[in-house]
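What follows is a set of notes on a single structure, which appears directly below.
The values are calculated or read from the model by the stated rules, or taken from the named source; none is laboratory data. Just so it is clear, the model here is predicted, and its values are computed rather than measured. Cβ placement follows ideal geometry from the backbone for every residue including glycine, while neighbour counts extend to all protein chains displayed.
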Amino acid sequence: MTAVSNLAPAHAVASLRDCTRRYPGVLALDNATFAVAAGEVRALLGKNGAGKSTLIRMLTGAEIPDTGSVTIDGVELSGSGSTRAQDSFQKGVRVVYQELSLVPGMTLAENLFLGRWPRKGGVIRYADMEAQAREAMAQLGLDLPPDRLVAGLSPAERQLLEIARAMLGRPKLIILDEPTSSLAAAEADKVMAAVTRVAAQGIVVIYVSHRMNEIRQIAHSATIMRDGRIIDTVDVKGADTREIVRLMLGSEASQAAALEDRSQPGIVLEVHDLALAPKLSSVSFSLRQGEVLGIAGLLGSGRTELLQAIMGVRPFDSGDVRIGKQSVRSAGYKDMIARGFGYTPESRKEEGIVPLLGVDENTLSTNFSGVSRKGILSSRRMAEATRKIVDRLHIKTARTDTPIGTLSGGNQQKVVIGRWVYAGSRVLLLDEPTRGVDVEAKAQIYSIIRQLAAEGRSIIFVSSEIEELPLVCDRVLVLRDGTLQDEFKSPHIDQDSLMAACISGH
């Protein structure tokens with residue numbers, strides 16, 4: 001692998017020199033030096049928590065380094081707060097985040113100029129705005145009428161519109177955060193073609209992604225981060241995927257997991273050729289009784305869609321889901337709960353809890369009839385039933401009726417899992433069950449999951465944190481390009497092999 005110098009050249013459009021940023025208990029950026037030149041496409045790689053977001057916020061002026069300096073177009077950023085961010089913006093730094101910020105009910109032109117509409121005498125000049133919008137979109141090969149509503153755009157067209165908005169005002173640096181994570185392959189190609197067009201105009205592009213096929217197609221080099229440090233910057237043309245994985249994971253890549261597989265031969269769930277466009281094309285697997293089955297894959301690979309399809313949250317296009325010998329393809333969410341399935345969503349705060357309700361109400365919401373008497377909730381029964389779950393899962397709360405929104409993220413997540421323990425669910429579909437919780441809470445959740453499996457419950461464990469899968473799973477399947485393409489079994493599950501399997505097809 002060919003290393004590329006990371007020292008700031010005299011002609012650098014943007015650079016960080018010796019930047020360090022600490023948060024309480026976390027060293028987010030550790031003495032980082034980084035530079036990009038005009039017309040360069042630089043990939044930025046690193047697992048969750050590696051420091052990529054902090055580096056981006058440094059460049060946009062959203063964060064101030066504790067030590068070190070940030071320079072844009074030869075001038076060091078100064079000031080703080082919105083003043084610093086505005087300074088970065090005026091110097092030509094733009095960022096397009098993974099979560100798009102378009103307004104569906106407005107036109108393309110209105111979205112492009114949102115908050116900065118051209119005016120004359122207090123009146124918006126729609127003709128000028130649409131002409132400029134048409135020109136901005138044409139730079140990316142986007143031929144759409146500027147008076148069309150965003151609601152009618154495809155996912156790729158929306159992503160391109162976000163990039164077109166970033167192109168306004170002659171930027172010098174555009175940062176793209178996982179721009180193709182939600183796109184099918186054909187749509188991703190349109191975005192990559194647009195990135196090539198942007199770079200051809202002399203604009204720097206920092207491209208955050210793990211999709212190696214994309215990176216090799218459009219990036220000149222890749223900077224790899226780990227634990228807040230910049231480990232290396234390499235030429236992607238000669239980069240070996242496994243070597244990149246080694247640099248991303250470092251010495252913490254685990255060897256063999258020492259889990260004892262206690263799963264039983266009985267099959268509790270079978271999925272055959274399940275398809276859900278555009279993410280899933282043909283997914284087949286089985287789940288054994290007492291098994292913890294991990295699903296690994298890149299962001300946007302379709303892991304959440306797979307769980308939602310099984311749980312009846314969203315209909316799938318074709319294929320079959322079977323419990324025993326019975327097809328449940330047409331079963332809805334309530335029906336799957338009645339069949340003994342439980343589901344914890346990826347977004348705990350938005351979909352998993354009701355913050356103002358108590359721990360008791362959040363825990364017992366799957367079966368209030370068990371704590372009711374003649375249709376009226378019994379506070380005594382609610383307290384008793386909730387206390388059993390609180391004690392069993394070691395949930396820290398002074399009272400069972402404490403509003404769940406006041407608990408820590410880890411304790412909230414244990415309540416969400418405890419809801420299905422209380423319901424007696426035999427199959428649990430857990431989507432990112434440790435996201436946003438601290439290290440201690442993660443270990444407790446791993447222990448809870450293993451205990452539930454030991455009791456004969458079957459669990460599908462979806463996680464974007466590759467390093468935790470060997471710690472809790474009996475078996476891991478890798479979801480890539482719409483299908484399950486690799487399988488790892490304990491005790492032969494290790495981080496570097498998993499990560500390489502996730503990104504090698506990309």
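At a glance:
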item	result
Meets criteria (buried (at least 23 other Cβ atoms within 10 Å of the Cβ) and not in a helix (DSSP H, G or I)) for P355	no
Which listed residue, of I449, I493, is closer than 21 Å to L287 by Cα and either in contact with a Pro (Cβ under 7 Å, 6 or more places away or on another chain) or free of Cβ contacts under 8 Å to residues at least 60 places away in the same chain (or both)	I493
Filter result (of a type in the set (A, V, I, L, M) and either part of a loop (DSSP other than H, G, I, E, B) or not assigned by TED's automatic domain parsing to the domain that holds R158 (or both)) within the stretch 108-147	L114, L140, L142, L144
Filtered residues of the stretch 147-179 (kept if within 16 Å of V95 (Cβ to Cβ) and among the β-branched types (V, I, T))	I163, I174, I175
Every residue from the stretch 453-463 that is in contact with a Lys or Arg (Cβ under 8 Å, 6 or more places away or on another chain) and surrounded by fewer than 22 Cβ atoms within 10 Å (Cβ to Cβ)	A454, G456
One residue from R94, R42 being at pLDDT 90 or above, in contact with a Leu (Cβ under 8 Å, 6 or more places away or on another chain) and either surrounded by fewer than 18 Cβ atoms within 10 Å (Cβ to Cβ) or in a strand (DSSP E or B) (or both)	R94
Search result, residues across the stretch 452-506 that are over 15 Å from P433 (Cβ atoms), part of a loop (DSSP other than H, G, I, E, B) and in contact with a Gly (Cβ under 6 Å, 6 or more places away or on another chain)	G456, D481
The stretch 135-147 - residue that is surrounded by fewer than 21 Cβ atoms within 10 Å (Cβ to Cβ) and among the small types (G, A, S) and, of those, nearest to L112 (Cα to Cα)	A138
Residues located in the stretch 148-202, provided they are in the same structural domain as D73 (by TED's automatic domain parsing), surrounded by fewer than 21 Cβ atoms within 10 Å (Cβ to Cβ) and among the polar types (S, T, N, Q)	S181, S182, T196, Q201
Check on P355, outside the structural domain of M311 (by TED's automatic domain parsing) and in contact with a Leu (Cβ under 7 Å, 6 or more places away or on another chain)	no
Close pairs from the stretch 463-485: first of a type in the set (F, W, Y), partner outside any helix (DSSP H, G or I), Cβ under 8 Å, at least 6 apart	none
Residue tally, condition in a helix (DSSP H, G or I) and within 20 Å of I310 (Cβ to Cβ), over the stretch 415-440	6
Candidate set from the stretch 303-346 (those that are at pLDDT 90 or above, small (G, A, S) and in a loop (DSSP other than H, G, I, E, B)); member that is surrounded by the most Cβ atoms within 10 Å (Cβ to Cβ)	G312
Answer residue from the stretch 98-107, given it is loosely packed, with under 14 Cβ neighbours inside 10 Å and either assigned by TED's automatic domain parsing to the domain that holds A193 or touching a residue at least 24 places away in the same chain (Cβ under 8 Å) (or both) and is nearest to V208 (Cα to Cα) among those	S101
The lone exception for S425 - which of (1) closer than 19 Å to A441 by Cα; (2) under 32 Å from the mean Cα position of the chain (by Cα) it fails	(1)
Qualifying residue in the stretch 366-386 (condition: in contact with a helix residue (DSSP H, G or I) (Cβ under 7 Å, 6 or more places away or on another chain) and within 24 Å of D438 (Cβ to Cβ))	yes
Boolean, I449 is closer than 18 Å to E346 by Cβ, buried (at least 19 other Cβ atoms within 10 Å of the Cβ) and over 21 Å from the mean Cα position of the chain (by Cα)	yes
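Yes or no, residue by residue, for (1) in contact with an Asp or Glu (Cβ under 9 Å, 6 or more places away or on another chain); (2) modelled with pLDDT of 85 or more:
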position	(1), (2)
G68	yes, yes
V75	yes, yes
Q98	yes, no
F113	no, yes
R116	no, no
Q132	no, yes
P146	yes, yes
